[in-house]
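Engineer: Encoded as structure tokens, here's the structure I'll be asking about.
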Amino acid sequence: MLLYWGSGSPPCWRLMIVLEEKGLSDCEKKIISFSEKGHKSDEVLKLNPRGQVPTFRCGNLVINESNASCLFLEDTYKSGTQLIPSEPARKANVLQRMFEVPSFTKKAMEDLLYLYMFKKPE
């Protein structure tokens, strides 16, 4: 396993927490520097043409979305903490929370951008 990650990135933190909970925190990790455009390096772009982190490799499989990586680890590795309950109602609740956070974040950022661009103080 290999994880490219950047400091200050919540999606990277999400995946690192899952690795820890699954007992896989000893996987190889490479921190990149956003200010030095490490996410746009040839090394990262070879695995992730979008030039984003986290970029996660497990064997020959490369996953470039943090939620997808987390679901993959939960389904593939039964070690450590079970992060998604098997009981349907509880599982649905966990998955809903997992996928609604990016939607809320996007909406909040759009609202902040609107306020910054169009609602200048008097």
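Quick note: the coordinates plus some simple rules give every number you see, no bench work behind them. Keep in mind the model is a prediction, meaning the values are calculated, not measured. We place every Cβ from the backbone using ideal geometry, glycine too, and count neighbours over all the protein chains shown.
Engineer: Find how many whole Å separate the alpha carbon centroid of segment 46-74 from the alpha carbon centroid of segment 82-109.
Structural biologist: Here the two parts' Cα centres lie 19 Å apart.
Engineer: Using a basic spin-label model with each label point 7 Å from the Cα along Cα→Cβ, how many nm lie between E110 and A68?
Structural biologist: It is 2.3 nm.
Engineer: Next question. What does the helix-only formula give at 222 nm for the chain: each DSSP H stretch with n ≥ 4 adding -39500 (n - 2.57), the total divided by the residues, and the result rounded to the nearest 500 deg cm²/dmol?
Structural biologist: Values: 4 runs with 60 residues, N = 122.
After summing the helix terms and dividing by the residues of the chain, the value is -16000 deg cm²/dmol.
Engineer: Right, next: Work out the charge dipole of the chain with +1 on the Cβ of Lys and Arg and -1 on the Cβ of Asp and Glu about the Cα centre, then indicate which of M117, G23, T55 is farthest towards its positive end.
Structural biologist: M117
Engineer: Does anything in segment 1-42 have its amide N under 18 Å from the 7 Å Cα→Cβ label point of K91, and if so which residues?
Structural biologist: Under cut-off, by backbone N: nothing.
Engineer: Let me ask you something else. So for the pair V101, N60, with labels modelled 7 Å out along Cα→Cβ, what separation do we get in nm?
Structural biologist: For V101 paired with N60, the spin-label model returns 3.2 nm.
Engineer: Would you work out if segment 56-122 is rounded, prolate or oblate? Take a ≥ b ≥ c from the square roots of the eigenvalues of the alpha-carbon gyration tensor; rounded if a/c is under 1.5, else prolate when a/b is larger than b/c, oblate otherwise.
Structural biologist: Details: a/c = 4.90, a/b = 2.01, b/c = 2.43.
Because a/c hits 1.5 or more and a/b fails to exceed b/c, segment 56-122 counts as oblate.
Engineer: Another question, then. So, with +1 on the Cβ of K and R and -1 on the Cβ of D and E, and no other charges, what is the size of the charge dipole of segment 2-76 about its Cα centre, to the nearest 20 debye? Show your work: numbers first, answer last.
Structural biologist: Values: 9 positive and 10 negative charges, 61 e Å.
Charge dipole, segment 2-76, about its Cα centre: 300 debye, nearest 20.
Engineer: Exceeding 25 Å between C-alpha atoms, which entries from my cross-link table qualify? They are K46/K78; K29/K78; K22/K106; K22/K91.
Structural biologist: Values: K46/K78 30 Å; K29/K78 21 Å; K22/K106 29 Å; K22/K91 18 Å.
As for pairs spanning more than 25 Å Cα to Cα, those are K46/K78; K22/K106.
Engineer: Determine the shape class of the chain: with a ≥ b ≥ c the square roots of the Cα gyration tensor eigenvalues, call it rounded for a/c under 1.5, and otherwise prolate if a/b is greater than b/c, oblate otherwise.
Structural biologist: Values: a/c = 2.58, a/b = 1.22, b/c = 2.11.
Oblate is the answer for the chain, as a/c is 1.5 or above yet b/c matches or exceeds a/b.
Engineer: Counting other Cβ atoms within 10 Å of each Cβ, which trypsin sites (Lys or Arg not before Pro) in segment 22-122 have at most 11 and sit in a DSSP loop? Don't skip to the end; give the middle numbers.
Structural biologist: Values: sites: K22, K29, K30, K37, K40, K46, R50, R57, K78, R90, K91, R97, K106, K107, K119; in loops: K22, K37, R50, K78, K119.
Passing both the DSSP loop test and the Cβ count: K37, K78, K119.
Engineer: Work through the residues other than W5 whose Cβ is under 9 Å from its Cβ and net out their charges, Lys, Arg +1 and Asp, Glu -1.
Structural biologist: On the way: positive: K29, K30; negative: none.
Every neighbour counted, the sum reads +2.
Engineer: Also: Let's test the formula: R0 of 22 Å, r as the Cβ-Cβ distance of S79 and K37. What FRET efficiency results, to the nearest 0.05? The partial results should precede the final answer.
Structural biologist: Working: r = 35 Å, r/R0 = 1.61.
In this case the efficiency is close to 0.05.
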